[in-house]
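Everything below concerns the one structure shown next.
What follows is calculated from the coordinates using simple rules that are stated; it is not laboratory data. Quantities reported herein were computed from a predicted structural model and do not represent experimental measurements. Positions of Cβ are backbone-derived with ideal geometry, glycine not excepted, and every protein chain shown enters the neighbour counts.
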Ligand SMILES: [Zn+2]
Ligand SMILES: [Zn+2]
């Protein structure tokens, strides 16, 4: 809870007028506890899990011909009832694991020093912290995910996430409860090492899940803005991991491609892309050879 109640009190404490965003933050958060502000993540996650996958799911169900060229595994088509079954399972885990985890993890957030106070961080500071969080998460997640592909980890835990060989957006958080808990560690590590403001923390949790839904969407859209993010794996990279399934020793990273490149776990993927490229080239060239 902020130590001042009015804009004038806050301006006196800061020694300068508040920016518009700081005044909005003060008006919103002044009478709310830090715990309540932290628990906003439960609502954000519920909305993201429920709404973010909808546009592509809607296009697939209603306008499948127009989006077909961008579908990574075009032969796989889930019915609306199969898609709804996936969403129901995700919501069950959300109410039994994700939500309660948020409710009880507040002391750790307080301990690492996530602040709700003024001044607000600059846009640059938020962007830099988010970049660090993504890099730390990507590296840690790579190794935990790789461990989950050992015989024991796969059979006991990770197999659930791989039930979808051609993933859809709703399947991004579809996992065994133990995996949800374990993969909370990489997400928590960045803010623990470089603690920031609660707004940065909200953005981190939201963007990480939106990114996961994007990489599980099953579509590789050529004009997606994510194509401009250096080393971003995207749907094509992670889809291959699901396509190969339990035997997969390819594409473990959650966000970027460089870990798989450095540790040589993208060889199968690169070979697959090479073959795909060749078959597309043949399809384009062979019709030109017409017998005289
Ligand atoms: Zn996996
Ligand atoms: Zn996945």
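Within the listed set 167, 100, 225, the residue fluctuating most in the Gaussian network model of the chain (springs between alpha-carbon atoms under 10 angstrom) is 225. The overall shape of segment 1-88, judged from the alpha-carbon gyration tensor, is prolate: a/c is not under 1.5, and a/b is greater than b/c.
With the largest listed first and rounded to whole Å, the semi-axes of the equivalent ellipsoid of segment 1-49 from the Cα gyration tensor are 26, 12, 6.
Listed by Cβ neighbour count within 10 Å, with the fewest neighbours leading, 25, 202 appear as 202, 25. Each residue in 34, 214 was given a count of other beta-carbon atoms within 10 angstrom of its own, and listing them fewest first yields 34, 214. Stokes-Einstein diffusion for segment 118-203, with the hydrodynamic radius set to the Kirkwood value over Cα pairs and evaluated at 37 °C in a medium of 0.692 mPa s, equals 227 µm²/s. The largest-to-smallest principal axis extents of the Cα set in segment 208-257 are 32, 20, 18 Å. Using alpha carbons only, how many angstrom separate the centre of segment 123-170 from the centre of segment 41-116? What the calculation gives is 15 Å, centre to centre. Relative to the first principal axis of the alpha-carbon coordinates of the chain, what is the inclination of helix 20-29, with its axis defined by its Cα atoms, in degrees from 0 to 90 and to the nearest 10? So the inclination is approximately 80 degrees. Relative to the longest principal axis of the C-alpha atoms of the chain, give the angle of the C-alpha long axis of helix 184-193, reported between 0 and 90° and rounded to the nearest 10°. Approximately 50 degrees, to the nearest 10.
Could you calculate the FRET efficiency of residue 159 with residue 223 from 1/(1 + (r/R0)^6), where r is the beta carbon distance between them and R0 is 30 Å, rounded to 0.05?
For residue 159 and residue 223, the calculated efficiency is 0.30.
Dividing the summed -39500 (n - 2.57) terms of all DSSP H runs of n ≥ 4 by the residue count of the chain sets its mean residue ellipticity at 222 nm at -18000 deg cm²/dmol.
Looking only at 179, 155, 211, which one moves most when the chain is put into a Gaussian network model with springs between Cα atoms under 10 Å? Result for the chain, Cα springs under 10 Å: 155 fluctuates most. The alpha carbons of segment 143-292 give a radius of gyration and a Dmax of 18.0, 72 Å, in that order. When the alpha carbon coordinates of the chain are projected onto the principal axes, the ranges are 88, 44, 40 Å, largest first.
Please state the relative contact order of the chain as a whole percent: Cα pairs under 8 Å, 6+ residues apart?
After rounding, I find 21 percent.
In terms of other Cβ atoms within 10 Å, 150, 259 run from fewest to most in the order 150, 259. When the chain is modelled as a GNM with alpha-carbon springs shorter than 10 Å, which of 58, 46, 252 fluctuates the most? So, out of 58, 46, 252, the one fluctuating most is 58.
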